[in-house]
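J.: My questions will all concern the structure given below.
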Amino acid sequence: MAQRPICTEIIRVDRLNLFYAGLQALKDVSVSIKPCAITAIIGPSGCGKSTLLRCFNRMNDLIEGVRITGRIIIGGEDIMARGVDLLSLRRKVGMVFQRPNPFPLSISQNITYGPRVHGMLGRQRSEEVVEQCLRAVLLWDDLKDSLNAPALSLSLEKQQRLCIARLLAVEPEILLMDEPCSALDPIATQRIEELMTKLREKYTIIIVTHNMQQAARISDQTGFMLLGELVEFGETRQMFTSPADRRTEDYITGRFG
Amino acid sequence: MERYYDDEIRLLSEKISTMGEAVQERLAQAVDALKRQDVNLARQTIAADEEIDRMELENEEYALALLARFQPQAGDLRFITNAMKINAELERIADLAVDICQRVEDLAGQPLLKPLVDIPLLAEVAREMIRGAISSFVSRDVETAKTVILKDAQADRLRNEVQRELVYDYMAKDGSTAPRAMPLLLISRHLERICDHATNIAEDVIYMVNAQVVKHHPERL
């Protein structure tokens, strides 16, 4: 098992506000996220969960009219500052989406694409990287004899695992997952959840999910968002047995949302 | 906002409340049988325990189904899990009422060793505590629950007094009083245990309502 880092905080968000062309989507969000843990962000549709997630790798920069104030400190650096190397940031902070999106390439090419772009790959290393990453997502035994097969020929669950493997190939520190299981059936979901609990030993995972039972099952910390505000944030066990805020209680007991 | 399954959750509360009333009735009958040395009433009370056992199993199964079907969280989770605990406590109280009735049978045909003074007082404390505990559960009333917990010290004092008197004033001085003293000693023990179960229920209610753990931590009251 990987040694846990001594630091207690891998991401610190400090009074983050985000506006989409005048409409405020995030309101004064401040939070500290633990390393090598799974943090779940829950809340009703439109509350700002995915918007917050996309802040961690500055994917919101790609949206026209976005204005952001506040700081996000990752590895001692404010990633919102001018001059931040976005390519390096997005290598360090990878993202998995709701719908699996493997490249229209072979299985092995999907994995080696990122390291090639980042100049991390020598000729001999590519086979090692492919095996290592597929083993990490528990796909090596299934796919080792068909690495040249199209990635799109895989089941949705295996495509999602492949997308995670693709992230791991560039040696990230943080994995962002935006409803990674919502396109999957319950058994596939369970397999992805098992993978996430295994990956937590080495990576920090932040997951946005509509599935509260999933958040309760797999996460170490949970944040509840409502109308752009981070209403409550804490240990998952505490949040799901005795939340401090009435709004959190009402949401997780199904009284709204 | 009302949820489509709120009625089903409320029904669990009603089931526990109904069982609580039945248990109180059994306890009242047991104490009555003791005071009047009424063996027939004691036997009827013993026979009626079957109904309490049935209710306990039914309530437990119902609660488990709620957990499985709705995966409750937070306040709902605390309510259902503590309702299950209270369900078990009530069944134990009913068993102790049966034990009291069995002691009444043991004493049948013999004159009482002494007039009953502290035992009826202890019985009344037990009834008050049970009544308060069940009421606190139904009304989610933390203050009533705290009152129940604080009353347990009185029950302990009364039990200790009964024990002291029977052991030192009777059995130690005259061993032949033992066959009549021991059932009374055991009855005081059963009543004190009933008070302990009432205390447990009250502690569970406080956690259920406030998520505050006072069990094993009376200083937090």
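None of the figures in this text is laboratory data; all of them are computed from the coordinates on show. Since this is a predicted model, take the numbers as computed values, not measurements. Cβ coordinates were reconstructed from backbone atoms using ideal geometry, including for glycine residues, and neighbour counts include every protein chain displayed.
J.: Is the range A:224-243 home to any residue that is surrounded by fewer than 22 Cβ atoms within 10 Å (Cβ to Cβ), within 11 Å of chain B (Cβ to nearest Cβ) and under 22 Å from A:Val13 (Cβ atoms)?
T.: So far as the range A:224-243 goes, yes, one or more of its residues are surrounded by fewer than 22 Cβ atoms within 10 Å (Cβ to Cβ), within 11 Å of chain B (Cβ to nearest Cβ) and under 22 Å from A:Val13 (Cβ atoms).
J.: Could you name every one of the strands (runs of 3 or more DSSP E) located completely within the range A:1-105 that has at least 2 residues being touching a residue at least 12 places away in the same chain (Cβ under 8 Å) and surrounded by fewer than 16 Cβ atoms within 10 Å (Cβ to Cβ)? Please lay out each step first, then the result.
T.: Values: elements: A:11-20, A:23-33, A:38-42, A:66-74, A:93-96.
Answer list for the range A:1-105: A:11-20, A:23-33, A:66-74.
J.: Now for a different question. So which residues in the range B:53-71 are touching a residue at least 40 places away in the same chain (Cβ under 8 Å), within 14 Å of chain A (Cβ to nearest Cβ) and surrounded by 14 or more Cβ atoms within 10 Å (Cβ to Cβ), if there are any at all?
T.: B:Leu66, B:Phe70
J.: Name the helices (runs of 4 or more DSSP H) wholly inside the range A:167-257 in which the number of residues that are over 27 Å from A:Ile74 (Cα atoms) is 3 or more.
T.: Values: elements: A:186-199, A:212-218, A:236-241, A:246-252.
Ranges flagged: A:186-199, A:246-252.
J.: Then there's this: Within the range B:1-52, which residues are in contact with a helix residue (DSSP H, G or I) (Cβ under 7 Å, 6 or more places away or on another chain), within 14 Å of chain A (Cβ to nearest Cβ) and either in a helix (DSSP H, G or I) or under 23 Å from B:Ala202 (Cβ atoms) (or both)?
T.: Residues satisfying the conditions are B:Glu8, B:Ile9.
J.: Just to be sure I understand, how many residues within the range B:72-84 are more than 10 Å from chain A (Cβ to nearest Cβ) and either under 19 Å from the mean Cα position of the chain (by Cα) or of a type in the set (S, T, N, Q) (or both)?
T.: Counting residues in the range B:72-84 that are more than 10 Å from chain A (Cβ to nearest Cβ) and either under 19 Å from the mean Cα position of the chain (by Cα) or of a type in the set (S, T, N, Q) (or both) gives 3.
J.: Find the residue count for the range B:131-146, including only residues that are surrounded by fewer than 16 Cβ atoms within 10 Å (Cβ to Cβ), of a type in the set (Ser, Thr, Tyr) and under 19 Å from B:His217 (Cα atoms).
T.: 0
J.: Looking at (1) within 24 Å of A:Lys92 (Cα to Cα); (2) within 14 Å of chain B (Cβ to nearest Cβ), which is the only condition A:Ile205 fails?
T.: Condition (2) is where A:Ile205 drops out.
J.: Sticking with this structure for a sec: May I ask you to say which residue of B:Glu89, B:Glu128, B:Glu161 is of a type in the set (Asp, Glu), assigned to a helix (DSSP H, G or I) and crowded, with 18+ Cβ neighbours inside 10 Å?
T.: Values: B:Glu128 fails: crowded, with 18+ Cβ neighbours inside 10 Å; B:Glu161 fails: crowded, with 18+ Cβ neighbours inside 10 Å.
Checking each option against the conditions leaves just B:Glu89.
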